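Every number here is computed from the coordinates shown, using simple stated rules; none is lab data. Given the structure is predicted, the values throughout are model-derived calculations rather than measurements. Every residue, glycine among them, receives a Cβ derived from its backbone with ideal geometry; neighbour counts consider all protein chains shown.
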Ligand SMILES: O=C(O)CCC(=O)C(=O)O
Ligand SMILES: [Fe+2]
C-alpha cells in the first residue's frame, strides 16, 4: 500500500506540474506545497442497491483538492457532468481517471474546471474504487494565475473551513462560488 501511495503521489504531482506548464506556468508550486500529510487515499465501497438509480452511491460533488486520481473496478457507475448531461465513465482495465478539483480551477483562474461527478450504485453488484487526493498544506495560498482573477486569494484552511461551515448550515457544499470576486 505504501509503495502504491508513493507511485500515485508522484504521478499526481507530475500531472499537476504538466497541467501548470500547459498554462504557461513553469513552477514547482505543487511539489513545494502539496505535503504528504495532507494528501490522502480514500477506499470506497458501494454495496449493491435495489433502489438504484433513485438512491445514489455517492451524491453529485466536486473534489476539494487540486486533482484526484481514481481507480474504479469493473462494475461501473461513475458519471461526470458535461454540458448539463451526466456521462458514464465506463470502466477500462488498467486505466486511471484524473479529475480536476476546486483548487486547480481557482489556481488556473477557471481554465481547468472542477468536474462534478457522482456514483450510481449497481442493483446487483457491489463496487469498489480508490481515490488519491492531491492537497496542499493548510497555509498554502491559492491565487488565480493570469490576468483579471475570477477568484479571491484564499488559503486551503479557509476553503476547508468554508466547505465545512456550509455543509453544517445548508446540508451541502457550496464550494468555489463562495470565493468569486
Ligand atoms: O467511486 C468513484 O468512482 C468516485 C469516488 C469519488 O468521487 C470520491 O471519493 O470523491
Ligand atoms: Fe469525488
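See the values below:
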quantity: Matching residues in the range 125-142 - criterion: being surrounded by fewer than 14 Cβ atoms within 10 Å (Cβ to Cβ) and free of Cβ contacts under 8 Å to residues at least 60 places away in the same chain; calculated: 139, 141
quantity: Those residues of the range 146-181 which are assigned to a loop (DSSP other than H, G, I, E, B), touching a residue at least 60 places away in the same chain (Cβ under 8 Å) and surrounded by 15 or more Cβ atoms within 10 Å (Cβ to Cβ), in sequence order; calculated: 173
